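The values are calculated or read from the model by the stated rules, or taken from the named source; none is laboratory data. Small disclaimer: the values here were computed from a predicted structure and weren't measured. Backbone-built Cβ (ideal geometry, glycine too); neighbour counts: all protein chains shown.
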Amino acid sequence: MRTTLLLIVLSTVGQGAKLSLPPSATLQAQAGDTVGWGYLLTDNRGYSVPTFSEFTPDSAFGLYFDFVSLPQNFVVVTPVAAGGQFYNQTNETGVGEFFTDPATPDGTVIHGTITLHYDLYSNNPDVNPDSFISGDNTVSADVAITVTALQQTPEPVTFGLMAVALGLLASRRLAHRRRR
């Protein structure tokens, strides 16, 4: 009987939490760019308050910055619906962002897992902060960032220099033909 009860509890806990990362868990970036994710958290066991996020494993190709732990990003997610924040680099909202190292080779795929840590409350903690159930609950999602080559656009001055060079070559060739 104990084994059956334990399996039921674990099954409920496993089904209770879900994390999605809009716009997509798979993103593209040029070397030196920053990409980020929003988050939608669902946990039907209670009111969720995200506390911080992390990207594992650490990558030699860039750095992850957590936005969840910033004071202005305090969010209470109700147990009935998904809640969270969309990614906005200017406002530093969402789960976080990843800065790709400018020296990252073209075609590199950076794989990782974003883990969102959160506390659970039986009631809305804004109304009843004494309704704490448990701390440091986690939910994770796998992510991938594909690094593409940096596309450099020539400066307008470059086009001008190329035109001058082509003009000089053409005039020299024309002068060479006249001498014959």
So which residues in the stretch 53-90 are touching a residue at least 60 places away in the same chain (Cβ under 8 Å) and in contact with a Leu (Cβ under 8 Å, 6 or more places away or on another chain)? Ser53, Ala82
Only one residue in Ser59, Ser53 is of a type outside the set (Asp, Glu), outside any strand (DSSP E or B) and buried (at least 18 other Cβ atoms within 10 Å of the Cβ). Which one? Ser59
Could you tell me whether Asp33 is without any contact (Cβ under 8 Å) to a residue 12 or more places away in the chain and either farther than 28 Å from Asn123 by Cβ or in contact with a Phe, Trp or Tyr (Cβ under 6 Å, 6 or more places away or on another chain) (or both)? no
So which residues in the stretch 113-148 are part of a loop (DSSP other than H, G, I, E, B) and in contact (Cβ under 8 Å) with a residue 40 or more places away in the chain? Ser122, Asn123, Asn124, Pro125, Asp126, Ser131
Is one or more of the residues making up the stretch 2-16 within 20 Å of Asp136 (Cα to Cα) and at pLDDT 95 or above? no
Taking the stretch 89-112, which residues are touching a strand residue (DSSP E or B) at 6+ places or on another chain (Cβ under 8 Å) and either loosely packed, with under 13 Cβ neighbours inside 10 Å or assigned to a loop (DSSP other than H, G, I, E, B) (or both)? Gln89, Gly94, Val95, Asp101, Thr104, Pro105, Asp106, Gly107, Thr108, Val109, His111
Could you list, in sequence order, all residues of the stretch 86-111 that are over 12 Å from the mean Cα position of the chain (by Cα) and either within 18 Å of Thr42 (Cα to Cα) or not β-branched (Val, Ile, Thr) (or both)? Asn91, Asp101, Pro102, Ala103, Pro105, Asp106, Gly107
If I ask for residues that are buried (at least 17 other Cβ atoms within 10 Å of the Cβ) and out of contact with any Pro (no Cβ under 6 Å at 6 or more places or on another chain), which ones from the stretch 66-77 would you list? Asp66, Phe67, Asn73, Val77
Could you please let me know if Leu41 is surrounded by 14 or more Cβ atoms within 10 Å (Cβ to Cβ), in contact (Cβ under 8 Å) with a residue 60 or more places away in the chain, out of contact with any Gly (no Cβ under 8 Å at 6 or more places or on another chain) and not aromatic (Phe, Trp, Tyr)? no
Among the listed residues Thr115, Thr93, Thr146, which satisfies the condition of being touching a Leu at 6+ places or on another chain (Cβ under 9 Å), more than 18 Å from Ser48 (Cβ to Cβ) and at pLDDT 95 or above? Thr146
Can you say whether Val68 is aliphatic (A, V, I, L, M) and not in a strand (DSSP E or B), as far as the supplied structure shows? yes
